[in-house]
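Student: Supplied in structure tokens, the structure appears directly below.
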Amino acid sequence: MGATALRNKPAPVSAPNDAIVEVRGICKTYGNVEALRGVDLDFPRGKLTSLLGPSGCGKTTLLKIIAGLIEADAGTVTIDGKPVKGPGPERAFVFQDFALMPWATVLRNVAFGLELRRRARAEREEIARRYIAQVGLAGFEDKYPHELSGGMRQRVGLARALSVDAEVLLLDEPFSAVDEQNRRKFQEDLIRLRTQENKTFIFVTHSIEEAVYISDRIVLLSPRPGRVSRIIEPEIDRSGDPDRIHRDKHYLDTVEEIWQGLKQYVE
Amino acid sequence: MTILGYRIPMMASLVVWCLVWEVLGRTGLIFILPPFSDVLAAAVQLVQTASWQSATVTTLRAFAIGMVLAILCGVPLGILMGRVKLADDLLGMWVNIFSSAPLSALVPVLMILFGFGEKTIIAAVFLFAIWIIVLDTRAGVRHISPSLMEMARSYGASQPALYGKIILWAALPEILAGIRLGLIRGVKGVVIGQLLVAIVGYGALFETFSRNFRMAEFWALTIILFAFAMLMAELIERVEAKVEYYAGARQ
Amino acid sequence: MATNIRLEGEAGGLALPLRRDAVGWQDRPILLRLISIALFAAIWEIAGLIPVSFAFPTFSDTLVAFFGLLADGSLPSAYLSTLQPLVVGVVLSAFLGVGIGTICGLSRTGEWLIVPVFIVLQSAPVAAFIPLVTFVYGIGMTAKVLAVMILALPVIVLNTYKAVRNVNGSLLSMCRSFLGTRWQSISKIILPDASPVIFAGLRLGVAAGFVGVVLAELLITPTGIGDVITFHRSRADYAEMYATIASIIALSTLTLVFLQWVEVRVFRPEKRGR
């Protein structure tokens, strides 16, 4: 591929070895569909890495393998050098369909991760309130999920993931069930949140614009079988007015570049 | 459930239960439970007797007449309730009440109204089966997409054509589901009716067998009845699957 | 054979709360309901006046007979003896049924082994067993309780099983990803998520229980309501007989309406936005 505007260069800021999540030789087959074949990837600490690709490229499968929700057929995932055997406290998942308990209030939903860890009620609710405020839902603590819009529900999902204080946040197409306007606002908030919380984000999306807009690194996956096709590090200045990014030349070029590369997979 | 990689259909576990039954029966610990093999043998014997054959004819005839009446009355009533709001408002409450009420309490009334004979059984089948048919038909008519109705009207469909060519067909999956549930309830109606009347068809046989302690025959009759009920449900389900094939595409 | 389970059972139209009739008669304006009742009474009255049969009393006669039965205490005492086995049977079926259903929903082996039995019991005329029950347990309370349970248990088991089996998978993996234990996922996710359908099953179980107790009293043990019905039939006091039958149907209807009301009040908020 003739990449002129950007090169597949190694990240200059982070040392090559400072990867918090290491994926080695992951293979996964469903029946006779090969979802992932020999995926090797490093996810640098404190960065937001997107897994981007057309449907069927196994990006969600890879994320769930990292989360420990799905077992790989072959290969290993390590977090800080420790192999993943199942879900762990250092990872938190944000679900595509929010996965909120409809019978529980926002407060209990956000505190649920801590409730499962048997933390005292007062303590977990205090933490939950803090993160509810941080995602911009202060005042909605006692509402039920059905009383919230899609965007607000996903904010609850995000607050729940933040409140367990995991180092790695795994987000599975978190905005795909959120309407366009709310999605844009949410993306801006996510950029702001990232600067406050020093966490590693792994973000699955099928939206090129979304990936380029928020990511430090973009891992492009090719479908059938899913493999890493390239890694892109858009250098976009995200300080200042977030709306400016959408008009940034580098942003637009990167989006176009990725589209040209992915086009062949779209029927 | 899978064993050694083979998927064993769920209903196959009934075979396991039959084996358990056989073993329990052989131990003779439960006096009302003869071994399953005895029951099967009794069933073979039973179907050859004249009393069983005539009871079956009586029962089937009452069941069939009751069901036909229930369908002939239930479907139009359901369509009426689905189309006319006033009818729905006035009748909906009663249909709902009767669909979940203990209708067996009404059988004594049927007995004094229709006598201790076949008419009572027919009435019981009718009474048990009709309400669910009405409810499902009504739901089916309600669920017809408005654009389909508007299409028919915009192409100038007359009222009879609207009902005969659109409404009946569009609601058919629900109507069939209602008829299937109605059949299951009808079987219960025929059994409950005959048990209470106790001198007609299977009811009389049950009465004889249990009074004279002929347990193998009692169970044989029960199994025949259960098999019949399951078979009816299965047959209608087959038809339903065919209809749902196009119904699934109508959304 | 029918491996896909349809839940509509012996008694009661809908198994899953939101399906067939979200109509519910309680959505309708009171006035229409009153008109509907009045119309029913009027038709009954006219049919009794014609009369359609010597054994068909008018509505007013039946109403008078009803108050007569209330006043002489025969109806209240009959209900006292009818409701005992009903309540005991339904409560036992509820615990047993929810337990069995939960096990079937959680364990594949349990599902394979137990569910087919209840599918058969659900669609077969189990009333045929009631005479058999008398055989073993005589004509006492136990027999009546068993009759209630035979009818109520299948619908409760199958509803619970289906609810647990179809629990929201995304919530389950959420619970797992936040390190919930198996027990936590059952108590904090599966049972709350399944509770609306389980409750609907319990409501249908109550409806079936009414059928069971009435059948038991008519078929085997001449006590309670069944006795009142049989007694007045034998004396040709048709108005009293009709009044008793109408009263048990009314009682079962009122109970079901109340349960449906509870269902809507308790489980409604979470039904939305699914």
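The values are calculated or read from the model by the stated rules, or taken from the named source; none is laboratory data. Worth saying up front: this structure is predicted, and the values here are computed from it rather than measured. Glycine gets a Cβ as well: all are built from the backbone with ideal geometry, and neighbour counts include every protein chain shown.
Student: When the residues of the range A:52-67 are narrowed to those that are within 14 Å of another protein chain (Cβ to nearest Cβ) and either surrounded by fewer than 20 Cβ atoms within 10 Å (Cβ to Cβ) or in contact (Cβ under 8 Å) with a residue 60 or more places away in the chain (or both), which ends up nearest to the chain's Cα centre (by Cα)?
Tutor: Filtering the range A:52-67 for residues that are within 14 Å of another protein chain (Cβ to nearest Cβ) and either surrounded by fewer than 20 Cβ atoms within 10 Å (Cβ to Cβ) or in contact (Cβ under 8 Å) with a residue 60 or more places away in the chain (or both), the one nearest to the chain's Cα centre (by Cα) comes out as A:L63.
Student: Take the residues in the range A:191-219 that are among the aliphatic types (A, V, I, L, M) and surrounded by 22 or more Cβ atoms within 10 Å (Cβ to Cβ), then tell me which one is nearest to A:A92 (Cα to Cα).
Tutor: A:I202
Student: Continuing with this model, one more query. Consider B:G203 carefully, then state whether it is facing chain C (nearest Cβ under 10 Å) and small (G, A, S).
Tutor: yes
Student: Out of the range C:218-271, which residues are in contact with a His (Cβ under 8 Å, 6 or more places away or on another chain) and within 24 Å of B:V191 (Cβ to Cβ)?
Tutor: Hits for the range C:218-271 are C:M241, C:T244.
Student: When you scan the range A:200-218, do you find a residue that is at pLDDT below 80 and not β-branched (V, I, T), even just one?
Tutor: Within the range A:200-218, not a single residue is at pLDDT below 80 and not β-branched (V, I, T).
Student: Is it the case that some residue within the range B:81-89 is out of contact with any Phe, Trp or Tyr (no Cβ under 8 Å at 6 or more places or on another chain), charged (D, E, K, R) and without any contact (Cβ under 8 Å) to a residue 40 or more places away in the chain?
Tutor: Yes; the residues of the range B:81-89 include at least one that is out of contact with any Phe, Trp or Tyr (no Cβ under 8 Å at 6 or more places or on another chain), charged (D, E, K, R) and without any contact (Cβ under 8 Å) to a residue 40 or more places away in the chain.
Student: Right, here's the next one. Filter the range B:57-78 down to residues that are surrounded by fewer than 19 Cβ atoms within 10 Å (Cβ to Cβ) and in contact (Cβ under 8 Å) with a residue 40 or more places away in the chain and give me whichever is farthest from B:E118 (Cα to Cα).
Tutor: My answer is B:C73.
Student: When you look at B:I167, is it part of a helix (DSSP H, G or I), buried (at least 24 other Cβ atoms within 10 Å of the Cβ), in contact (Cβ under 8 Å) with a residue 24 or more places away in the chain and not polar (S, T, N, Q), yes or no?
Tutor: It is false that B:I167 is part of a helix (DSSP H, G or I), buried (at least 24 other Cβ atoms within 10 Å of the Cβ), in contact (Cβ under 8 Å) with a residue 24 or more places away in the chain and not polar (S, T, N, Q).
Student: Right, here's the next one. Which members of the range A:167-194 meet the condition of being within 12 Å of chain C (Cβ to nearest Cβ) and at pLDDT below 85?
Tutor: A:A177
Student: Somewhere in the range C:222-239, is a residue within 28 Å of C:F66 (Cβ to Cβ), polar (S, T, N, Q) and crowded, with 21+ Cβ neighbours inside 10 Å?
Tutor: No, the range C:222-239 contains no residue that is within 28 Å of C:F66 (Cβ to Cβ), polar (S, T, N, Q) and crowded, with 21+ Cβ neighbours inside 10 Å.
Student: Does the range A:75-92 contain at least one residue that is over 21 Å from A:V39 (Cβ atoms) and either crowded, with 21+ Cβ neighbours inside 10 Å or in contact with a helix residue (DSSP H, G or I) (Cβ under 7 Å, 6 or more places away or on another chain) (or both)?
Tutor: yes
Matching residues to (1) in contact with a helix residue (DSSP H, G or I) (Cβ under 7 Å, 6 or more places away or on another chain); (2) more than 20 Å from A:I26 (Cβ to Cβ):
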residue	(1), (2)
A:V204	yes, no
A:I214	yes, yes
A:H250	no, yes
A:W259	yes, yes
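Every residue, every condition in (1) buried (at least 18 other Cβ atoms within 10 Å of the Cβ); (2) not small (G, A, S), yes or no:
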{"position": "C:L31", "(1), (2)": "no, yes"}
{"position": "C:I35", "(1), (2)": "no, yes"}
{"position": "C:W44", "(1), (2)": "yes, yes"}
{"position": "C:P51", "(1), (2)": "no, yes"}
{"position": "C:F59", "(1), (2)": "yes, yes"}
{"position": "C:D72", "(1), (2)": "no, yes"}
{"position": "C:L80", "(1), (2)": "no, yes"}
{"position": "C:G99", "(1), (2)": "no, no"}
{"position": "C:T102", "(1), (2)": "yes, yes"}
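Student: Something else now. Kindly indicate which of B:A105, B:A55, B:A43, B:A62 is within 14 Å of chain C (Cβ to nearest Cβ), part of a helix (DSSP H, G or I) and more than 30 Å from B:A139 (Cα to Cα).
Tutor: B:A55
Student: How many of the residues in the range B:79-102 are within 14 Å of chain C (Cβ to nearest Cβ), among the aliphatic types (A, V, I, L, M), in a helix (DSSP H, G or I) and crowded, with 21+ Cβ neighbours inside 10 Å?
Tutor: Within the range B:79-102, residues that are within 14 Å of chain C (Cβ to nearest Cβ), among the aliphatic types (A, V, I, L, M), in a helix (DSSP H, G or I) and crowded, with 21+ Cβ neighbours inside 10 Å number 3.
Student: Please work out which one of (1) more than 10 Å from chain B (Cβ to nearest Cβ); (2) more than 21 Å from the chain's Cα centre (by Cα); (3) of a type outside the set (K, R) is the condition C:G224 fails and give its number.
Tutor: It fails just one condition, (2).
Student: Also: Counting only residues that are within 13 Å of chain B (Cβ to nearest Cβ) and without any contact (Cβ under 8 Å) to a residue 60 or more places away in the chain, give me the helices (runs of 4 or more DSSP H) lying completely in the range C:99-205 with at least 2 of them.
Tutor: C:108-123, C:130-137
Student: Taking the conditions exactly as written (more than 11 Å from every other protein chain (Cβ to nearest Cβ), without any contact (Cβ under 8 Å) to a residue 12 or more places away in the chain, assigned to a helix (DSSP H, G or I) and of a type outside the set (S, T, N, Q)), does C:R233 satisfy them or not?
Tutor: no
Student: Could I ask something else about it? Determine whether A:G88 is of a type outside the set (A, V, I, L, M, F, W, C), under 24 Å from A:A159 (Cα atoms), assigned to a loop (DSSP other than H, G, I, E, B) and within 20 Å of the chain's Cα centre (by Cα).
Tutor: The answer is yes for A:G88.
Student: How many residues are more than 29 Å from B:A171 (Cβ to Cβ), of a type outside the set (F, W, Y) and part of a helix (DSSP H, G or I) when one looks only at the range B:108-145?
Tutor: 10
Student: With in a helix (DSSP H, G or I), in contact (Cβ under 8 Å) with a residue 40 or more places away in the chain and more than 14 Å from every other protein chain (Cβ to nearest Cβ) as the only criterion, which of C:S77, C:S93 stands out?
Tutor: None of the others qualify; the one that does is C:S93.
Student: While we're on this one: Answer yes or no as to whether A:R194 is outside any strand (DSSP E or B), touching a strand residue (DSSP E or B) at 6+ places or on another chain (Cβ under 7 Å) and in contact (Cβ under 8 Å) with a residue 60 or more places away in the chain.
Tutor: yes
Student: Free of Cβ contacts under 8 Å to residues at least 40 places away in the same chain, of a type in the set (V, I, T) and more than 14 Å from chain B (Cβ to nearest Cβ), is that true of C:I30?
Tutor: No, not satisfied.
Student: Considering every residue within the range A:120-130, establish whether at least one is over 27 Å from C:A194 (Cα atoms) and touching a strand residue (DSSP E or B) at 6+ places or on another chain (Cβ under 9 Å).
Tutor: No.
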